[in-house]
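A short reminder: the numbers here are calculations on the coordinates, not readings from a lab. From a predicted model like this one, the values you see are computed outputs, not experimental measurements. Positions of Cβ are generated from backbone atoms using ideal geometry, with glycine treated the same way; all protein chains shown enter the neighbour counts.
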Protein chains: 2
Amino acid sequence: MNVAIAGLGLIGGSFLEASKRAGHTATGFHHDDEADFSSADIIIVAMPPLAIEPWIRAHSRTFKDGAAVVDVCGVKRPLFEAFRNDYATRKWHFVGGHPMAGKEVGGFANATPDLFDGASMILTPHPFTGRAPLDTLEEYFRSVGFAKIVITSPEHHDEMIAFTSQLCHAISSAYIREPLAAEHDGYSAGSFRDMARVGAPDPDVWTELFMLNRDNLAAVLVRYIERLENLREALSAGDAKRIHATLEEGVASKARLRRRAEAAAGAEG
Amino acid sequence: MNVAIAGLGLIGGSFLEASKRAGHTATGFHHDDEADFSSADIIIVAMPPLAIEPWIRAHSRTFKDGAAVVDVCGVKRPLFEAFRNDYATRKWHFVGGHPMAGKEVGGFANATPDLFDGASMILTPHPFTGRAPLDTLEEYFRSVGFAKIVITSPEHHDEMIAFTSQLCHAISSAYIREPLAAEHDGYSAGSFRDMARVGAPDPDVWTELFMLNRDNLAAVLVRYIERLENLREALSAGDAKRIHATLEEGVASKARLRRRAEAAAGAEG
């Protein structure tokens with residue numbers, strides 16, 4: 001396939017390298033390049049959330065008929081709304097996308113062809129998109145390493161991602177801002193490393209992501225704080241039984257996740 | 001050296017295997033074994049916090065003069081207090097210890113000889129202990145894989161560990177108890193995996209650990225909840241500037257950690 005990648009940070013750069021590894025004709029463009037996209041079957045727009053719509057509007061007259069234009073940012077409702085109404089008047093398809101892969105360091109220098117190997121790719125297509133472009137996209141994303149393609153609504157994506165990704169970054173950022181962190185050396189191991197890993201995501205990009213999904217992130221944060229506050233109260237009261245009950249709930253919850261994962265693996269295999 | 005290990009879960013079992021790997025004469029004992037410890041230079045008591053003092057009192061008449069008895073549980077003030085006053089009347093040494101190593105799965109079946117490789121071993125000796133037993137312990141702990149020996153007060157240990165270990169377990173437990181966790185498959189990647197990893201520690205052992213350090217854990221939890229609440233307020237108010245500021249603080253904090261780590265590596269190398 002002929003693939004154009006616009007925006008060459010960690011994700012765009014990795015799509016470029018993974019596409020080449022898969023044998024596609026792939027070309028990368030910086031976000032401010034003047035370029036002709038008329039030979040591209042797939043155009044991946046790998047830019048910060050608020051830069052995507054203007055870029056697509058500015059370059060769309062060169063898109064070929066039937067091309068699939070996929071953004072890969074972490075919130076899916078705003079662009080879905082932006083491209084919803086003029087869907088029928090266009091000859092190219094806009095499909096929201098979110099690769100479930102990343103690193104705690106960004107930029108083209110950290111891009112690798114194997115970044116997506118084994119990961120899940122989420123697509124939030126307009127209902128009018130139809131089978132053909134989605135089949136092409138599924139084939140492409142599997143070819144660059146994704147093990148799973150999830151097709152869902154932008155609403156469900158944004159609710160899930162508030163928990164599976166954004167809350168993790170919020171938690172990690174709040175964790176490493178603890179004053180005692182400065183003295184951790186010699187007093188820490190794996191759980192500290194895991195907790196600190198994604199604590200410093202790019203503030204510009206992640207402020208946009210948090211703002212565009214603030215309803216979902218605030219909701220999941222309220223429930224999360226409630227569970228921590230419950231533990232804090234139990235600690236202050238010296239209530240061992242209540243502490244035990246919260247830990248038991250964690251064990252039960254993790255056991256449920258494990259059973260579901262095993263059932264899913266069984267169903268696939 | 002002749003090493004006895006009492007208590008054969010993940011940590012005790014790993015000390016047993018690592019001691020054998022290092023060429024020591026090592027023997028493991030279940031916590032309820034009747035045994036004679038008179039040939040042991042080092043006795044490692046790898047049991048849940050509240051079981052340690054009774055075990056030591058019950059077996060101490062067989063300890064040889066000069067033996068170093070080390071517990072390896074995650075809170076250090078209570079046993080320090082318990083063995084503080086009769087220090088001068090004993091011929092063996094009690095030294096609090098805490099290996100900065102573990103796994104999200106416990107038990108002897110998961111024990112490995114390399115569990116401590118590269119990790120830090122914290123010791124909280126009584127001030128009367130003196131140089132000789134601590135030199136022996138340092139030599140032993142380095143021989144089983146530890147890269148660093150930290151000697152500190154039980155108070156400083158407990159304050160630090162509330163943040164570097166206990167808070168991580170509390171955070172992870174609260175994270176996986178979110179109802180949306182059941183649907184994470186296809187919507188998650190590394191940050192979810194990291195966040196969920198230590199969410200289900202043994203409720204009996206960790207209730208003891210949390211209770212014995214509840215002042216420190218509650219204090220660090222209050223500050224942590226405050227930072228999360230600050231983000232939640234900014235989200236609810238749609239205050240992008242304030243969200244950006246919290247993320248910037250995370251970046252600055254992580255950069256400080258990196259600089260300190262590099263400086264420490266430079267000083268050692």
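Couple of notes before you dig in:
- Think of the axis that spins chain B onto A; the B residue whose C-beta lies nearest it, and the distance in whole Å, is B:194, 2.
- Charge sum, other residues only, whose C-beta stays under 11 Å from residue B:4's C-beta, Lys/Arg counted +1 and Asp/Glu -1: -2
- Theoretical FRET efficiency, 1/(1+(r/R0)^6), r = Cβ-Cβ of residue A:25 and residue B:240, R0 41 Å, to 0.05: 0.55
- Summed over all non-identical Cα pairs, the Kirkwood treatment of the protein assembly as shown gives a radius of 25.6 Å.
- Where Rh is the Kirkwood radius over Cα pairs, Rg/Rh for the stretch B:2-152: 0.92
- For A:121, A:160, A:1, order by how many other beta-carbon atoms lie within 10 Å, fewest first: A:1, A:160, A:121
- Relative contact order of the stretch A:146-269, defined on C-alpha pairs under 8 angstrom at six or more residues apart (%): 26 percent
- Euclidean distance between Cα centres, the stretch A:187-242 to the stretch B:153-194, Å: 8 Å
- For residue B:65 and residue B:261, the difference between the fully extended length at 0.36 nm per residue and the C-alpha to C-alpha distance is 66.5 nm.
- Each other copy holds its own label point for residue B:130; taking that point as 7 Å from Cα along Cα to Cβ, the gaps run 9.0 nm, nearest first.
- All lysines inside 22 Å of residue B:64 as judged from Cα atoms, apart from same-chain residues fewer than 8 positions distant: B:20, B:91
- Listed pairs A:103/B:241; B:148/B:254; A:148/A:241; A:103/A:241 exceeding 32 Å between Cα atoms: A:148/A:241; A:103/A:241
- Position residue B:147, label points 7 Å along Cα→Cβ, spacing to each other copy in nm (shortest first, one decimal): 2.9
- Treating each Cα of chain B as an identical point scatterer and summing with the Debye formula, the log10 of I(q)/I(0) at q = 0.07, 0.09 Å⁻¹ comes to -0.30, -0.49.
- Sorting the Cα pairs of the stretch A:24-96 by distance into bins of 10 Å, from 0 upward, gives 18, 59, 23, 0 percent per bin.
- Local electrostatic count, residue B:110, Cβ distance below 13 Å [Lys/Arg +1, Asp/Glu -1]: -3
- Label geometry 7 Å along the beta-carbon vector: residue B:261 inter-copy distances in nm: 2.4
- Residue A:222 paired with residue A:33, simple spin-label distance in nm, labels 7 Å along Cα-to-beta-carbon: 4.5 nm
- Rounded to the nearest 5, the antiparallel percentage of DSSP beta bridges internal to the protein assembly as shown is 20%.
- P(r) weight above 19 Å for the stretch A:130-228, C-alpha pairs, percent: 59 percent
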